[in-house]
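The values are calculated or read from the model by the stated rules, or taken from the named source; none is laboratory data. The structure displayed is predicted, hence computed values, not measured ones. Ideal geometry is used to build each Cβ from the backbone, glycine not excepted, and the neighbour counts take in all protein chains shown. Ligands, DNA and RNA are stripped out before the accessible areas are found, and what is left, the full protein with its side chains, is counted by its heavy atoms. Shrake-Rupley method; radii C 1.70, N 1.55, O 1.52, S 1.80 Å.
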Amino acid sequence: MAKLLNAEAPECFSFTSGATESNNWTFAAVAKAYKTGSVLISAIEHPSVCEPAKELAHLGFNVIEVPVDQHGVVRLDVFRAALGAETVLVSIMAANNETGVLQPLAEIGDIIRELSPAAIFHTDATQAIGKMRVDLQSDWPEVDLASFSAHKFHGPKGTGGIYIRPGIQIYPFLLGGGQEEGRRSGTTNTPSLAGLAIAATEWKHASMEAMANVRDEFEIGLKARFPEVQIHCAGVQRLSNTSCFSLPGVVGEELATALAAQGIIVGVGSACSSGALHPPKTLLAMNVDYTLARAALRVSLSTSTSSEQTAILLNHLADLLEKSPSLTGLH
Ligand code: PLP
């Protein structure tokens, strides 16, 4: 991981059961260390950040949710105004799990150091690490803590970790036998970590560029087949594996179910929430009209997705919309 992300040393990493644990750990450690203060998160964070943030609010912290603009980028003017001497934690995700939009973490870091130099800067980098090149020292020099999950880069599910910048002290979350130098107790999940290490070693930037080409070609095809399609966030920096779009008049969940029956899995609403369907929170935070947000589908490519496969998806979409008028129209 240290090589993949150009971290200062291998000791900067603690391993966890994944980003959910790493995010919860961050908030629990801040609650223990500070007792009071203000905490800034963005309006589009994953539930594994929002829920711990709510816990801090119950404990008396002033939790401020910073809005995003219509492209899904954090409003830096509002962010600036919300920072102060009392800010103890800022947690802004690196890349969004619905749209793939990247947040300007370097700029955000500079603003924090200018206005709240003592605040801890955490990023939920789950969608970024393994899906784009990240250099922790030159790209995100002010980030203190970064959460990640191995399955985002073809590692095993249920494992991940947190990067802790040298000099940053955080209270342990799990207490017990003092493993990982006391930072995270419990017997180490060696097989999963071996898998994570292989996935990190095999990661190739070139594959990301090829994936971006497949995604762009897919979106060109989408516009050609469905001129009314709205592709979300195409005008701002986003992950090369994500395409989030709405076909007006369609109900996203129903179209996704129909595609699944044909062996094609696409996302609706938020990634990484098992079972329950969530309204597409990020699109709503961007002020996308509710009906259009409900129509959204998220196609997540992997490095092994080919243009032939995305062409099959386009054909299935066209067939389904032609043959099943019931897919359109809310009920
Ligand atoms: N944060 C983001 C942005 C995610 O997309 C996810 C889903 O993978 C998580 C956190 C939670 O990760 P995990 O389920 O591996 O704990």
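Structure notes:
Let's see how each residue does on (1) open to solvent by 70 Å² or more (accessible area, probe 1.4 Å); (2) more than 16 Å from the ligand (Cβ to nearest atom); (3) assigned to a loop (DSSP other than H, G, I, E, B):
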site: 163; (1), (2), (3): no, no, no
site: 181; (1), (2), (3): yes, yes, no
site: 187; (1), (2), (3): yes, yes, yes
site: 193; (1), (2), (3): no, no, no
site: 196; (1), (2), (3): no, no, no
site: 200; (1), (2), (3): no, no, no
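- In region 5-18, the residue that is farthest from the ligand (Cβ to nearest atom) out of those that are under 16 Å from residue 193 (Cα atoms) and touching a Lys or Arg at 6+ places or on another chain (Cβ under 9 Å) is 10.
- Taking the criterion of being farther than 13 Å from residue 120 by Cβ, in a helix (DSSP H, G or I) and in contact with an Asp or Glu (Cβ under 9 Å, 6 or more places away or on another chain), the residues of region 24-55 that qualify are 24, 48, 49, 50, 53.
- With respect to being modelled with pLDDT of 95 or more, within 15 Å of residue 21 (Cβ to Cβ) and within 11 Å of the ligand (Cβ to nearest atom), residue 151 fits the description.
- When residue 77 is tested against (1) assigned to a strand (DSSP E or B); (2) without any contact (Cβ under 8 Å) to a residue 12 or more places away in the chain, just one condition goes unmet, and that condition is (1).
- Residues (outside any helix (DSSP H, G or I) and either closer than 21 Å to residue 112 by Cβ or outside the structural domain of residue 150 (by TED's automatic domain parsing) (or both)) located in region 7-23: 7, 8
- If the condition is being surrounded by 21 or more Cβ atoms within 10 Å (Cβ to Cβ) and assigned to a loop (DSSP other than H, G, I, E, B), then region 115-142 contributes 116, 119, 125, 126, 127, 128, 130, 131, 134, 136, 140.
- Single condition residue 69 does not satisfy, out of (1) within 17 Å of residue 282 (Cα to Cα); (2) touching a Ser or Thr at 6+ places or on another chain (Cβ under 7 Å): (2)
- Filtering region 95-110 to residues that are open to solvent by 10 Å² or more (accessible area, probe 1.4 Å) and away from the ligand (no atom under 16 Å from the Cβ) leaves 104, 106, 107, 110.
- For region 143-161, a residue qualifies if it is crowded, with 19+ Cβ neighbours inside 10 Å and assigned to a loop (DSSP other than H, G, I, E, B), and the qualifying residues are 143, 144, 155, 156, 159.
- Flag not set for residue 86, criterion: within 16 Å of the ligand (Cβ to nearest atom), open to solvent by 20 Å² or more (accessible area, probe 1.4 Å) and in contact (Cβ under 8 Å) with a residue 12 or more places away in the chain.
- Test: residue in region 239-258 that is closer than 22 Å to residue 95 by Cα, assigned to a loop (DSSP other than H, G, I, E, B) and of a type in the set (A, V, I, L, M, F, W, C): yes
- Residue in region 264-274 that is free of Cβ contacts under 8 Å to residues at least 12 places away in the same chain and either open to solvent by less than 20 Å² (accessible area, probe 1.4 Å) or within 16 Å of the ligand (Cβ to nearest atom) (or both) present: yes
- Members of region 53-80 found to be within 18 Å of residue 96 (Cα to Cα) and surrounded by 16 or more Cβ atoms within 10 Å (Cβ to Cβ), listed by number: 53, 65, 66, 68, 72, 73, 74, 79
- If only residues of region 80-106 that are among the small types (Gly, Ala, Ser) and not in a loop (DSSP other than H, G, I, E, B) are counted, the one that is farthest from residue 147 (Cα to Cα) is 81.
- Checking 21, 45 one by one, the residue that is within 14 Å of the ligand (Cβ to nearest atom), in contact (Cβ under 8 Å) with a residue 12 or more places away in the chain, closer than 30 Å to residue 191 by Cβ and of a type in the set (Asp, Glu) is 21 and no other.
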